[in-house]
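Only one structure is covered here, and it is reproduced in the block below.
The values are calculated or read from the model by the stated rules, or taken from the named source; none is laboratory data. Values in this document were obtained by computation on a predicted structure and should not be read as measured data. Please note: Cβ atoms are built from the backbone with ideal geometry, for glycine as well, and neighbour counts cover all protein chains shown.
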């Protein structure tokens with residue numbers, strides 16, 4: 001009886017050992033998973049980079065469109081600026097919308113800031129040397145150029161109630177472009193153009209040599 005039980009226990013142990021995995025087999029499987037994961041990450045990195053710079057461009061487009069819509073809906077002048085600020089030790093490239101009540105109510109009027117939005121990191125306002133202008137041809141002498149001026153006119157760029165983007169001093173329509181990218185990586189080139197006469201806003205993706213509509 002005891003001999004039969006011992007033999008049964010031995011057979012069970014043998015079955016269990018056959019069903020299990022050795023340490024070497026487990027290590028090989030884990031190593032294979034790590035290799036496949038690394039290959040997938042390498043393949044995915046350019047796509048992730050592309051998505052980040054597309055997001056930065058969309059943020060600028062969205063803020064410009066919201067500024068225009070607010071101006072038309074509320075019949076107010078809305079100024080857009082593209083400042084650089086250091087927040088918590090980190091440099092941010094921002095899009096700021098501000099109502100210019102002083103232009104209608106006079107000096108001393110409150111000009112509330114509607115929004116301050118940082119664009120997606122690591123994008124920054126940047127124009128690549130040697131890169132041609134966008135097909136809209138509004139100038140590329142600086143990362144932000146409106147009315148042919150680096151940074152735009154001192155009087156500001158304003159959307160007005162008819163949807164036009166105008167010079168804050170002459171109230172004449174002005175065109176402009178905001179260029180973005182990461183230095184040293186031409187494939188990150190992005191641009192947003194504004195046609196002053198209609199307020200039309202376009203996005204562009206570049207390679208450092210050519211531009212394509214977004």
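When we screen 78, 87, 72 for residues that are at negative phi, modelled with pLDDT of 75 or more and in contact with a strand residue (DSSP E or B) (Cβ under 7 Å, 6 or more places away or on another chain), the only hit is 78. Residues of the range 132-165 being outside any loop (DSSP other than H, G, I, E, B) and either within 16 Å of residue 180 (Cβ to Cβ) or touching a residue at least 60 places away in the same chain (Cβ under 8 Å) (or both), which ones? Hits for the range 132-165 are 144, 145, 146, 150, 157, 158, 159, 165. For the range 195-209, a residue qualifies if it is over 19 Å from residue 141 (Cβ atoms) and either more than 21 Å from the chain's Cα centre (by Cα) or not in a strand (DSSP E or B) (or both), and the qualifying residues are 197, 198, 199, 207.
Being touching a strand residue (DSSP E or B) at 6+ places or on another chain (Cβ under 7 Å) and crowded, with 20+ Cβ neighbours inside 10 Å is a property that residue 160 has. Quick check on the range 166-194: of everything there that is in a strand (DSSP E or B) and over 21 Å from the mean Cα position of the chain (by Cα), which residue is nearest to residue 156 (Cα to Cα)? The residue in question is 167. When the range 48-58 is limited to residues that are touching a residue at least 40 places away in the same chain (Cβ under 8 Å) and surrounded by fewer than 20 Cβ atoms within 10 Å (Cβ to Cβ), the one that is nearest to the chain's Cα centre (by Cα) turns out to be 55.
Restricting 139, 108 to those that are surrounded by fewer than 14 Cβ atoms within 10 Å (Cβ to Cβ) and on the phi > 0 side of the Ramachandran plot reduces the list to 108. Evaluate the range 111-129: report whether one residue or more is buried (at least 17 other Cβ atoms within 10 Å of the Cβ), outside any loop (DSSP other than H, G, I, E, B) and either out of contact with any strand residue (DSSP E or B) (no Cβ under 6 Å at 6 or more places or on another chain) or modelled with pLDDT under 95 (or both). No: zero hits. Kindly check whether there is at least one residue in the range 170-185 that is within 21 Å of residue 55 (Cβ to Cβ), surrounded by 18 or more Cβ atoms within 10 Å (Cβ to Cβ), touching a strand residue (DSSP E or B) at 6+ places or on another chain (Cβ under 6 Å) and without any contact (Cβ under 8 Å) to a residue 60 or more places away in the chain. Yes, that holds for at least one residue. Within the range 104-124, the residues that satisfy the criterion of being within 25 Å of residue 160 (Cα to Cα), touching a helix residue (DSSP H, G or I) at 6+ places or on another chain (Cβ under 9 Å) and touching a residue at least 12 places away in the same chain (Cβ under 8 Å) are 111, 114, 115, 117, 118, 119.
The residues of the range 81-102 that are closer than 21 Å to residue 65 by Cβ and either free of Cβ contacts under 8 Å to residues at least 12 places away in the same chain or surrounded by 18 or more Cβ atoms within 10 Å (Cβ to Cβ) (or both), listed by number, are 82, 93, 94, 95, 97, 98, 99, 100. Residues in the range 187-212 that are out of contact with any strand residue (DSSP E or B) (no Cβ under 6 Å at 6 or more places or on another chain), in contact (Cβ under 8 Å) with a residue 24 or more places away in the chain and surrounded by fewer than 16 Cβ atoms within 10 Å (Cβ to Cβ): 187, 198, 209, 210.
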